[in-house]
């Protein structure tokens, strides 16, 4: 896709792609109005995804004193794998054919997605949480840039300005000092980069591969890798923590499914910014369930992020009505 016009043709005027096996690959739609409806749907899906991931983080925090990172990661992906396997079977998808259609982009999405998790967890264990979280919030920036470069999606002034505002809001809310060991901070930044690459490839995969197959592939690779890494330090959890691990998997699965379908509905650069809503959700849940205080900076930063998201949403609504 070499121009804005080409991108538009992919997302606006193409009919639903159907294959010989009867499955639709991507919900391309007819006409501008339907396209804008799909974009609005993608926004809501991304917001629900961020909400689900934020709930997951609460259970990650509550279970972290008893089990290790890779054990949490294993359950995080195992539940998604089971759900995806059920959906793949119910929809009669040929998994190996789907993987073949996805090609290098599907393998890249799964590999970079898992690498991003590993880098983030490493950084979280060796640096201040505020520093790590702030650097990890750069992920949508890389999604926007990479989608513009490789998928030829249009990067508008509103996208650039709103993304910068969200970064500023995240900085205000988290108050990072960046006085941690530089190597873990580099790992956190690399986690944001490779996650941006994973989400860009996810957006590209929608043209060839069914979303259930994408989630199945990512979950399978991540479950196997995390399972191997957790074996040396495996801990048998208590019944209470085991339930928490299952809930980590359930809410991670919800976040993963909603995120994947969001990127199926609209260009990556137009929906990635809504991931910043997770900063607000996480702050609220940390206050409500973990006893963490809401500082003035957290409230101000949250307002800035919500303002930027509302600006983008209103801009999308106005575009729909013109």
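The values are calculated or read from the model by the stated rules, or taken from the named source; none is laboratory data. What you see is a predicted model; the values in this text were computed from it and never measured. All Cβ positions, glycine included, derive from the backbone under ideal geometry; neighbour counts span all protein chains shown.
Every residue, every condition in (1) farther than 24 Å from residue 199 by Cα; (2) outside any helix (DSSP H, G or I); (3) out of contact with any helix residue (DSSP H, G or I) (no Cβ under 6 Å at 6 or more places or on another chain), yes or no:
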position	(1), (2), (3)
160	no, no, yes
165	no, no, no
170	no, no, no
176	yes, yes, no
Of the conditions (1) in contact with a helix residue (DSSP H, G or I) (Cβ under 8 Å, 6 or more places away or on another chain); (2) more than 16 Å from residue 112 (Cα to Cα); (3) in a helix (DSSP H, G or I), residue 235 satisfies every one except a single condition; which number is it? (3)
Could you tell me which of the residues 316, 282, 260 is farther than 17 Å from residue 39 by Cα and either surrounded by fewer than 21 Cβ atoms within 10 Å (Cβ to Cβ) or touching a helix residue (DSSP H, G or I) at 6+ places or on another chain (Cβ under 6 Å) (or both)? 282
Members of the range 100-127 that are part of a helix (DSSP H, G or I), within 17 Å of residue 184 (Cα to Cα) and over 14 Å from the mean Cα position of the chain (by Cα): 118, 119, 121, 122, 123, 124, 125, 126
Matching option when the condition is buried (at least 16 other Cβ atoms within 10 Å of the Cβ), closer than 21 Å to residue 140 by Cβ, in contact with a helix residue (DSSP H, G or I) (Cβ under 9 Å, 6 or more places away or on another chain) and at pLDDT below 90, among 49, 54: 54
Failed item, numbered, when residue 141 is tested on (1) without any contact (Cβ under 8 Å) to a residue 60 or more places away in the chain; (2) farther than 27 Å from residue 254 by Cβ; (3) in a helix (DSSP H, G or I): (2)
Expected single match for at negative phi and under 17 Å from the mean Cα position of the chain (by Cα) among 198, 161 is 198
